[in-house]
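The values are calculated or read from the model by the stated rules, or taken from the named source; none is laboratory data. Quantities reported herein were computed from a predicted structural model and do not represent experimental measurements. Note that we place each Cβ from the backbone using ideal geometry, even for glycine, and neighbour counts take in every protein chain shown.
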Ligand code: GDP
Ligand code: MG
């Protein structure tokens, strides 16, 4: 029960780093769910007095590019069902990749709000580079450094505004 936010995106964009940072605010318990859901982590976060569930997708090991894409597709579809809001994370250091575009295509079909989060925006130079991500066509775009924490407050303000 409750409002659920899922973080999706291809590997290495920083989903788990951001997930852990969100949970730090509260020292929440992260269930290490076994079995079919072992590729997802569940946690509880709170911000400005509002509590919500967070799902970190991924964690799987890809054997080939095909498996890779199938897995990401599967995770995004599950997240679209389970979550009330989707955080679509990308990485400014790689720019928009083909996989990002595929995930974007899936998410555009969602009736739920999607926040595009460009991560690893650690400095002003990267902030300039990150403007290319407006090209993915999402209404809500955030620039974040999960490493330094820069931009996370603005994002969380807008997340809890949807609760
Ligand atoms: P995931 O596969 O999407 O869960 O990505 P991870 O959270 O495992 O992060 C992948 C790599 O990116 C790790 O080496 C992180 O330390 C690094 N990383 C995550 N966030 C940032 C960030 O904001 N800036 C930089 N420079 N590196 C980051
Ligand atoms: Mg991860």
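Yes or no: residue 120 at pLDDT 95 or above and within 16 Å of ligand 2 (Cβ to nearest atom)?
Working: at pLDDT 95 or above: yes; within 16 Å of ligand 2 (Cβ to nearest atom): yes.
Yes.
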Kindly indicate whether any position in the stretch 128-136 is under 21 Å from residue 58 (Cβ atoms) and in contact with a helix residue (DSSP H, G or I) (Cβ under 7 Å, 6 or more places away or on another chain). yes
Among the residues of the stretch 25-37, is there at least one that is at pLDDT 70 or above and within 16 Å of ligand 2 (Cβ to nearest atom)? no
Among the residues of the stretch 93-111, how many are within 14 Å of the chain's Cα centre (by Cα) and within 23 Å of residue 21 (Cβ to Cβ)? 3
